[in-house]
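**Student:** Next up is a structure, given as structure tokens.
The values are calculated or read from the model by the stated rules, or taken from the named source; none is laboratory data. Because the structure is a prediction, the values reported are computed rather than measured. Neighbour counts are summed over all protein chains in view; Cβ atoms, including those assigned to glycine, are modelled from backbone coordinates with ideal geometry.
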Amino acid sequence: MRTPLNHLVNQKTRVSKTADLTPPKPGTPGAPVSEQRVEMAGQWQLMWWKFRKHKLAMIGSAVTLLIYLVALFVEFLAPFPRGVYEARYTYAPPQALHLFERTEQGVRFRPFVYGYKVTIDEVAIRRVFEIDTSQKHYVGLLVRGAPYKLIGLFPSDRHLFGPLEQEAPMYLLGADRLGRDMLSRIIYGTRISMSIGLVGVVLSLFLGILLGGLSGYYGGAVDLLIQRVIEFLRGIPTIPLWMGLAAAIPLDWPPLRVYFGITLILSLIGWTGLAREVRSRFLSMRTEDFVIAARLDGSSEVRTIMRYMVPSFLSHIIAAITLAIPQMILSETSLSFLGIGLRPPVVSWGVLLNEAQNIRSVATAPWLLLPGVPIIAAVLSLNFLGDGLRDAADPYGR
Amino acid sequence: MNTQGPLLEVQDLQTHFSTDEGVVKAVDGVDFTIRQGETFCLVGESGCGKSVTAFSILQIVQDPGRIVRGSIHLRQDDGQTLDLAAMDPKGRALRRIRGRDIAMIFQEPMTSLSPVHTVGDQISETLRLHAPIDKLQAREQTMAILTRVGIPRPERHFHAYPFQLSGGMRQRVMIAMALICRPSLLIADEPTTALDVTMQAVILDLIKELQGEMGMSVMLITHNLGVVAEVADTVAVMYLGRIVESADVYSLFREPKHPYTTALLRSIPVIGLTKQERLATIRGMVPHPFNRPHGCTFHPRCDHFMPGVCNRSLPPITHLEGGRTVRCFLYGGADTREREER
Amino acid sequence: MSGMKETAISEKPMDTGQPLLEIKNLKMHFPIQKGVFRRITDYVRAVDGASLAVKRGETFGLVGESGCGKTTLGRCIMRVYRPTAGQILYHEDGRTVDLCALNNEELKPYRRKIRMIFQDPHGSLNPRMTVLDIVGDALRVHGIASGTELEDRVSDLLRRVGLRSEYLRRYPHALSGGERQRIGIARALVLEPALVVCDEPVSALDVSVQAQTLNLLQDLQAEFGLTYLFVAHDLSVVEHLSDRTAVMYVGKLVEFADTKALYVNPRHPYTEALLSAVPIADPRMRERGGRIRLEGDVADPAHPPTGCYFHPRCRYARQRCLEEEPILRDLGGDHGVACHFSEEIELRGAVMVNG
Ligand SMILES: Nc1ncnc2c1ncn2[C@@H]1O[C@H](COP(=O)(O)OP(=O)(O)OP(=O)(O)O)[C@@H](O)[C@H]1O
Ligand SMILES: Nc1ncnc2c1ncn2[C@@H]1O[C@H](COP(=O)(O)OP(=O)(O)OP(=O)(O)O)[C@@H](O)[C@H]1O
Ligand code: SF4
Ligand SMILES: [Mg+2]
Ligand SMILES: [Mg+2]
């Protein structure tokens, strides 16, 4: 006996095998409650125990959760709506947020930013910003600002933070070509970028499970056909294929339709990986002893699949999906960056990076590259999360 | 049987695995001696620590595992003895002993043969690691040993990859590789468990023959008492990391002393003997390694359990006539009660 | 061998008792597919014309080396596979059904009568289900019991296989091999079958747990009047348990007889070799000598030799063995053998340890 599952169990929940064949009754001395816990633990419980040992995955899931929360509450979190521009503050550099104010009375907590002094550089024909310590714009929590509907439902005009006077310039991460607040735009971009991953994965999941399942279930000619289609699709280099498909999206489509068009394109390629995963799990699962046992119990084909096979590979599919989301996010970013994906006024991280494309802006306004940071954070944390899930997907390691 | 001086003396060997969940005392105080030319069998149920004992001798215990105590004295050809337990596991000295003085055949042949090298290359590499000879000589000797272990058409199989061979052939290759340097001790960890009875018989015969030719000692690890009875000179029975009884094979099977050995021998079906009767069983099952019973670890399953004695302290090793040893209070040692379990 | 009566065994009515299960010339060939279009290039003849009859109430042992088709034969009986050819006749109350001819729906009632115990105690229990669901699912599927009745029946059965009813809510992952195998046994018995196909039920278990499990199987047989088809590669286990024993070699039955007769007086050279290879747990028997060493490997079921499949390894082989395939014929006294020269050659039985 190679001490099954001990890796899952910490000191407190250790399996203790008593020498007797039958374990002591719960409640009798020598039978700690924890002992029962392991033996009564179901799949998800065991997965959780194994998952939480994976430190990076735990961090990854926290960050992922945070990012999706941001995506959900963008209007509240962003100090300004995404379209607000201010020509005066074109390419304004980031300001520092000062939390404490030093006055004659002493130091007290009162966040503020200094204003800008704007001069025009006649030679370079651009604005030169200097921090003007004589102007202070106070920043408050839950300030009133532009009205919005939270999650499209609850009307409000409160923002998590913002300048107390609505017109005051506050560019914590700088401003772009039109003097729009980068911070607000990055926050708005979160929603599009993160959701495109999710929606795209759902679409490819649907295709993947359907076609992979058919392939694995029927085998024979159906399998042969689907496998060849998958191989064909995988054989095409992705970037030209995307470009071709994206170019087919009419320019006059409204943003929402473009959004779905792009998602569809991404998932058309994304499903192949999932389909393969589903098919191979399906095929290997069919010959597992416990699935054969279910058939011998008299279980019908559909019941065997739903009750025995699906629960066994569900966790693997979830892990595969989690690992597919960052792929989607990156694909969207690359498409938009190349200018063939989403287009302004839609704000996604890729669209934002697209605006940072020229050398000049990189040199003069490097903060335009900041949308790269959340992309890296999102992709990394989703990957760590997926790795952890994949490792925990089969908690019954032998 | 060859009753020359001791080749390997293991004293109070303890190998523990410290995992996140606690310490697994896989080997917990093991003493035994292997004499020159003899076949020493270590027998016990799955998980009792047989493999870890063998790995400890070569200091190739897997990672969380450490030898925490004890000595392993190996007598070399020049009459000197070395304590393997005190040597650096990664040092040159120990590496020279592995393969040259002590060779090992592993439980799972496929995991110990490299899948990307031909068997011929692997064997001649092993040889050249330990002997100052050139490629051609190595090849010749490899061919000779392949022929000796019964590989048909060795010149062809020299270039075969392990996966191209059947289970029995692979085990022969393993034996060839282990014996190419003519070690003084061959450790065979369940060499026949994965094989059929017919192949098992052939491989055991082969080991026996080669042992006679080369005069080496063999430490055979198995859980099959039939195999023990067929090949052993001396037997040690292991239970939960300790040797509970050791004796020469004839005495052990004629008159087992330890209650565990007795029960084990009674619980196996023997052809022509037990027809249609119920088998004797050992009640319960092997306890979990984290949760060893106090005192004699066998006491919860023992038919001769003496309350207040067996569950109090660890029975000491008692020496009986004929060089036998047993760890059981039935044979004395009950008064040394202050000896606490380590 | 011209004057010999060569009756194929399956045509001969059994001398005692009505067989419960009869297998006639069963073949199971698995296709080997190659290439992009998965063309069938060859077949693995896993079971290649096996015939046997299992009597009601007996334990019929089936031994053979790894890969000889024991599991496949057992699974054909369970109709996990659809056999390539042959018949599997199940006799019940004077009626006879050929299980090979039934489709999935028609098989359902027979899935209650014939059950199986798997070899691997780890892979055969769904780790994601509780013991209650694993054992009780069959009752649910067949609409026999549900709710508390199901629970009662399962916990009752668990008690009979030596597990306490607390196990109902447990998952198999934290149980030992022996406990899992008991659950596998409970699952096989929950539908009150007549025949249980035991596919190496103790091979994966430790020595001491193996004895417990074998005893349990014997007790349950007496209690429920079960018939066992007991598949194993350990000859001493089969000898201990079986009333009659058959020996398989590369997809075919080469010999069958009353267990005692087979072990004491084998009539097929392969049986002799197999018996002589069994290690005997008594060092005094060591010097008995004359152990037969089988040269070479078991034949490849995809490319079996001509004639008698055993001839390349047989020490009694003659020209006829290369050319003509021996059929399984009765030597009288319910002793069947598939060897041309059974009457001529003198074979040694197993060494019996006395005392
Ligand atoms: N790498 C490891 N980490 C933790 N525990 C281990 C490790 N290797 C072995 N063990 C533990 O050490 C004990 C002895 O293991 P060992 O492999 O020596 O058993 P064995 O007697 O060889 O059994 P088998 O007959 O199954 O080969 C077992 O309880 C096992 O769980
Ligand atoms: N589903 C399958 N597809 C193709 N070949 C198979 C299949 N199942 C079994 N075989 C082959 O059929 C032969 C017989 O296998 P089987 O599992 O019946 O042997 P066995 O006697 O049970 O062996 P063991 O003692 O190892 O369990 C083997 O060569 C095996 O590779
Ligand atoms: S010491 Fe006691 S418990 Fe242990 S084997 Fe001997 S009699 Fe049994
Ligand atoms: Mg081992
Ligand atoms: Mg099998």
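**Student:** Within the range A:194-203, can one find any residue that is touching a residue at least 40 places away in the same chain (Cβ under 8 Å), over 30 Å from residue A:71 (Cα atoms) and assigned by TED's automatic domain parsing to the domain that holds residue A:354?
**Tutor:** No, the range A:194-203 has no match at all.
**Student:** While we're on this one: Going residue by residue through the range B:185-205, is there one that turns out to be surrounded by fewer than 22 Cβ atoms within 10 Å (Cβ to Cβ), modelled with pLDDT under 90 and away from chain C (no Cβ under 14 Å)?
**Tutor:** Checked against the condition, which is being surrounded by fewer than 22 Cβ atoms within 10 Å (Cβ to Cβ), modelled with pLDDT under 90 and away from chain C (no Cβ under 14 Å), the range B:185-205 yields no hits at all.
**Student:** Could you please find all residues in the range C:311-347 being in contact (Cβ under 8 Å) with a residue 60 or more places away in the chain, touching a helix residue (DSSP H, G or I) at 6+ places or on another chain (Cβ under 6 Å) and under 30 Å from residue C:287 (Cβ atoms)?
**Tutor:** Within the range C:311-347, C:347 is the sole residue that qualifies.
**Student:** Another question, then. Kindly state which strands (runs of 3 or more DSSP E) lie completely within the range B:1-88 and contain at least 2 residues that are at pLDDT 90 or above, in contact with a helix residue (DSSP H, G or I) (Cβ under 7 Å, 6 or more places away or on another chain) and within 16 Å of ligand 2 (Cβ to nearest atom).
**Tutor:** In the range B:1-88, there are no strands (runs of 3 or more DSSP E) which contain 2 or more residues that are at pLDDT 90 or above, in contact with a helix residue (DSSP H, G or I) (Cβ under 7 Å, 6 or more places away or on another chain) and within 16 Å of ligand 2 (Cβ to nearest atom).
**Student:** Still on this model: Output yes when any residue across the range A:366-381 is polar (S, T, N, Q) and farther than 23 Å from residue A:51 by Cα, and no when none is.
**Tutor:** Checking the range A:366-381: not a single residue is polar (S, T, N, Q) and farther than 23 Å from residue A:51 by Cα.
**Student:** Residues being within 14 Å of another protein chain (Cβ to nearest Cβ) and not in a helix (DSSP H, G or I): count how many of those fall in the range A:186-239.
**Tutor:** Summing the residues that are within 14 Å of another protein chain (Cβ to nearest Cβ) and not in a helix (DSSP H, G or I) in the range A:186-239 gives 1.
**Student:** Among the residues in the range B:217-227, are any surrounded by fewer than 22 Cβ atoms within 10 Å (Cβ to Cβ), closer than 30 Å to residue C:287 by Cα and out of contact with any Asp or Glu (no Cβ under 8 Å at 6 or more places or on another chain)?
**Tutor:** Yes - at least one qualifying residue is present in the range B:217-227.
**Student:** Can you tell me which residues in the range A:272-300 are at the interface with chain C (Cβ under 8 Å from one of its Cβ atoms), of a type outside the set (A, V, I, L, M, F, W, C) and part of a helix (DSSP H, G or I)?
**Tutor:** Passing the criteria: A:289, A:295.
**Student:** Residues B:188, B:194, B:160, B:178: which one is small (Gly, Ala, Ser) and closer than 25 Å to residue B:132 by Cα?
**Tutor:** B:178
**Student:** Assuming residue C:203 fulfils every condition listed in (1) over 24 Å from the mean Cα position of the chain (by Cα); (2) in a loop (DSSP other than H, G, I, E, B) apart from one, which condition is it?
**Tutor:** All conditions pass for residue C:203, except number (1).
**Student:** Another one. Which residue out of C:187, C:170 is of a type in the set (D, E, K, R), outside the structural domain of residue C:262 (by TED's automatic domain parsing), on the phi < 0 side of the Ramachandran plot and buried (at least 24 other Cβ atoms within 10 Å of the Cβ)?
**Tutor:** Checking each option against the conditions leaves just C:187.
**Student:** Which numbered condition trips up residue C:60, out of (1) surrounded by 15 or more Cβ atoms within 10 Å (Cβ to Cβ); (2) over 12 Å from the mean Cα position of the chain (by Cα)?
**Tutor:** (2) is the only condition that residue C:60 fails.
**Student:** Right, residue B:254: over 19 Å from the mean Cα position of the chain (by Cα), among the basic types (Lys, Arg) and either at the interface with another protein chain (Cβ under 10 Å from one of its Cβ atoms) or surrounded by 22 or more Cβ atoms within 10 Å (Cβ to Cβ) (or both) or not?
**Tutor:** Yes, satisfied.
**Student:** Restricting attention to the range B:298-315, which residues are basic (Lys, Arg) and near ligand 3 (Cβ under 9 Å from one of its atoms)?
**Tutor:** Result: B:301, single match.
**Student:** Specify which of the listed residues (C:184, C:136) is assigned to a helix (DSSP H, G or I), away from chain B (no Cβ under 14 Å) and in contact with a Phe, Trp or Tyr (Cβ under 9 Å, 6 or more places away or on another chain).
**Tutor:** Numbers: C:136 fails: in contact with a Phe, Trp or Tyr (Cβ under 9 Å, 6 or more places away or on another chain).
After applying the criteria, what remains is C:184.
**Student:** Can I ask one more? Limited to the range C:162-181, what total is found for residues that are more than 11 Å from chain B (Cβ to nearest Cβ) and closer than 29 Å to residue B:193 by Cα?
**Tutor:** Final tally of qualifying residues: 4.
**Student:** May I pose another question? Please work out if residue C:57 is within 30 Å of residue C:275 (Cα to Cα) and away from every other protein chain (no Cβ under 13 Å). Step through it out loud before you land on a result.
**Tutor:** Values: within 30 Å of residue C:275 (Cα to Cα): yes; away from every other protein chain (no Cβ under 13 Å): yes.
Taking the combined requirement at face value, the residue satisfies it.
**Student:** Can you tell me which residue in the range B:19-58 is nearest to ligand 3 (Cβ to nearest atom), limited to those that are crowded, with 23+ Cβ neighbours inside 10 Å and hydroxyl-bearing (Ser, Thr, Tyr)?
**Tutor:** Applying the filter and picking the extreme gives B:53.
**Student:** Being basic (Lys, Arg) and touching a residue at least 12 places away in the same chain (Cβ under 8 Å) is the filter here, so list the residues in the range A:241-297 that pass it.
**Tutor:** Matches in the range A:241-297: A:276, A:279, A:281, A:286.
**Student:** Which of the residues that make up the range C:187-200 are in contact with a Phe, Trp or Tyr (Cβ under 7 Å, 6 or more places away or on another chain) and part of a strand (DSSP E or B)?
**Tutor:** C:196, C:198, C:199
**Student:** Moving on. Write out, first by first residue and then by second, each pair whose Cβ atoms fall under 7 Å of each other, whose residues are 6+ apart or on separate chains, and whose first residue, in the range B:294-322, is within 14 Å of chain A (Cβ to nearest Cβ) while the second is more than 16 Å from ligand 2 (Cβ to nearest atom) and hydroxyl-bearing (Ser, Thr, Tyr).
**Tutor:** Listed pairs, sorted by first residue: B:295/B:313; B:297/B:239; B:298/B:239; B:298/B:260.
**Student:** Select, from B:146, B:210, B:204, the only residue that is in contact (Cβ under 8 Å) with a residue 12 or more places away in the chain, outside any loop (DSSP other than H, G, I, E, B), under 15 Å from the mean Cα position of the chain (by Cα) and more than 16 Å from ligand 1 (Cβ to nearest atom).
**Tutor:** Result of the check over B:146, B:210, B:204: B:204.
**Student:** Taking only the range C:139-176 into account, find how many residues are at pLDDT 85 or above, among the basic types (Lys, Arg) and in a loop (DSSP other than H, G, I, E, B).
**Tutor:** 1
**Student:** Could you pull out the residue among C:117, C:88, C:144 that is more than 13 Å from chain A (Cβ to nearest Cβ), among the β-branched types (Val, Ile, Thr) and in contact (Cβ under 8 Å) with a residue 24 or more places away in the chain?
**Tutor:** Just one listed residue meets the conditions, C:88.
**Student:** Quick check on residue C:112: is it surrounded by 14 or more Cβ atoms within 10 Å (Cβ to Cβ), assigned to a helix (DSSP H, G or I) and facing another protein chain (nearest Cβ under 8 Å)?
**Tutor:** Spelling it out, residue C:112 is indeed surrounded by 14 or more Cβ atoms within 10 Å (Cβ to Cβ), assigned to a helix (DSSP H, G or I) and facing another protein chain (nearest Cβ under 8 Å).
**Student:** In addition: Given C:332, C:336, which one is out of contact with any His (no Cβ under 8 Å at 6 or more places or on another chain), modelled with pLDDT of 90 or more and away from chain B (no Cβ under 14 Å)?
**Tutor:** Result of the check over C:332, C:336: C:336.
**Student:** Same structure, new question: Considering only residues that are among the charged types (D, E, K, R) and modelled with pLDDT under 75, which ones fall in the range A:50-87?
**Tutor:** Correct list: A:82, A:86.
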